[in-house]
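First the structure, in the form of structure tokens, and then the observations on it.
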Amino acid sequence: MPQSRYVTSLPEGRLECGLCPRGCRIPPGALGRCAVRGNRAGVGTLPYYGAITAMQVDPIEKKPLYHYHPGSRILSVGFVGCNLQCPFCQNWHISQAGGGQRIPSRYYTPEALIHAAQAEGSGQIAYTYAEPLVHLEYLLECMTLAREAGIANVLVSNGCISDAGAEAVLRLTEAVNIDLKCFSEGTYTRLLQGDLAAVLAFITRAFETGVHLEVTTLVVPGLNDREEEIDRGVAFLASLSPQIPLHLSAYHPAYTWEAPATDPLRLQALASRARETLAYVYTGNLPGSSQDTICPRCGRAVIRREGYRIDTSGLCPDGSCCRWCGNALPITVFMSK
Ligand code: SF4
Ligand code: SF4
């Protein structure tokens, strides 16, 4: 059984986990709060190492990533557990599992996972669904092998991780979508059991490392949908670059959160407001709403999206600019397109 790399020993056989800001102090025989990292007789254990709860090929737009290989498909794998406890979690049956529960899963060594990706043939793997970063040791093994095999690593994460973990994973990541759940330290710490500063640091590091970066905020009525709060998140992203794509997604009641679903008109209004500052703001989970990418200079559609049908004919052949006006665009496409 592989051992945790992110623990330090404490008196009486306890371990302190430094992988995320929760800093769990784990007694012998127990698990940390993510319920997937343990302490067996003073040794950091990873009882769910290689346990894959879901494996399927998705459109990359489903991650969501709209500016990275648009129209491509990606092998997507999911894991047990999460270090946050969002009461509206849409994947709660796996994110809040672990702790010895028997979750339907199949074990893959890192080598077996890369073989599966090679057999599938999309050339990219997304580590996604619940929270991949609580399985960082496994991720780093897989990502290293993927790099060697010419397979791109895509991460979909809550971004709530220590500096050491962030540095290690982003070195091996080609593209990331990070959840910015709200812009309130109090909501992060009291309700979600997370840490806003750590998430902002992760977003900043991803941007500065040159990883393709997109950000998602699930707009939950009464929780994070005040204009001032959305404005603060938008201003933070714009301080890095106004070209970072932001996905404002509609919430639907899930897990223990019973507030009514996000009003589509409210979500559209928030998106319009965000577009005054950011060049690319999309609404998610709103069937029928336009998801096209519009050239900020000439106003014409460069990528048209109808569900998961993607038309990139508005891009110049290498994807770097608008076909209609030649404006440079922050979009990565497969060169074979
Ligand atoms: S990764 Fe898990 S065990 Fe480690 S500090 Fe975070 S919640 Fe605790
Ligand atoms: S961070 Fe994501 S997976 Fe984890 S509890 Fe929150 S919504 Fe669920």
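Dividing the helix sum by the residues of the chain, where each DSSP H run of 4 or more adds -39500 (n - 2.57), gives a mean residue ellipticity at 222 nm of -6500 deg cm²/dmol.
For the chain, the dipole from Cβ point charges (+1 on Lys and Arg, -1 on Asp and Glu) about the Cα centre works out to 280 debye, to the nearest 20.
Rounded, prolate or oblate, given the Cα gyration tensor of the stretch 191-308, with a/c below 1.5 counting as rounded?
On the way: a/c = 1.75, a/b = 1.09, b/c = 1.61.
Note, shape of the stretch 191-308 comes out oblate.
With the convex hull constructed from alpha-carbon coordinates only, the stretch 292-337 shows a mean projected area of 3.0 nm² over all directions. M143 sits among other residues whose Cβ lies under 15 Å from its own Cβ, and their net charge, with Lys and Arg +1 and Asp and Glu -1, is -3.
Among L265, L113, L180, the residue with the largest mean-square fluctuation in a Gaussian network model of the chain, with springs joining Cα atoms closer than 10 Å, is L265.
Using the alpha-carbon atoms, what tilt in degrees (0 to 90, nearest 10) does helix 227-240 show relative to the longest principal axis of the chain? Once rounded, one gets 90 degrees.
Return the single residue from R14, R25, R102 with maximal mean-square fluctuation; model: Gaussian network over the chain, springs between Cα atoms under 10 Å. Highest fluctuation of the listed residues: R102.
Please work out the FRET efficiency for the pair A164 and S9, using the Cβ-Cβ distance as r and a Förster radius of 25 Å; give the result to the nearest 0.05.
On the way: r = 17 Å, r/R0 = 0.68.
The calculated FRET efficiency here is 0.90.
Neighbour counting of Cβ atoms within 10 Å sorts the residues F79, F183, F236, F202, fewest neighbours leading, into F236, F183, F202, F79. Residues M1, M143 in ascending order of nearby Cβ atoms (within 10 Å, fewest first): M1, M143.
A51 sits among other residues whose Cβ lies under 12 Å from its own Cβ, and their net charge, with Lys and Arg +1 and Asp and Glu -1, is +2. The stretch 230-269 and the stretch 76-145 have their alpha-carbon centroids 25 Å apart.
What ranking of R147, R232, R305 emerges when the number of other C-beta atoms within 10 Å of each C-beta is taken as an exposure proxy, fewest first?
Numbers: R147 16, R232 13, R305 20.
Listed from fewest to most nearby Cβ atoms, that is R232, R147, R305.
Beta-bridge orientation, the chain: approximately 50 percent antiparallel, per DSSP, counting only bridges with both partners inside. Taking amide H as placed 1.01 Å from N in the peptide plane, the amide H of H247 sits under 5 Å from that of V215, T216, T217, Y282, each at least 5 places away or on another chain.
How about the stretch 254-322: which GluC sites (Glu not before Pro) there lie in a loop by DSSP and see at most 16 other Cβ atoms within 10 Å? Write down the numbers at each step before the final one.
Details: sites: E258, E276, E306; in loops: E258, E276.
Within the stretch 254-322, the qualifying GluC sites (Glu not before Pro) (loop, at most 16 other Cβ atoms within 10 Å) are E258, E276.
Between I151, T332, A261, the Cα set farthest toward the positive side of the dipole of the chain (charges on each charged residue's Cβ, about the Cα centre) is that of I151.
Quick check: the angle from helix 264-274's long axis to the longest principal axis of the chain, C-alpha only, nearest 10 degrees? So the inclination is approximately 80 degrees.
Read-outs: derived from the displayed coordinates by stated rules, not from any lab. These figures come from a predicted structure and were not determined experimentally. Cβ coordinates were reconstructed from backbone atoms using ideal geometry, including for glycine residues, and neighbour counts include every protein chain displayed.
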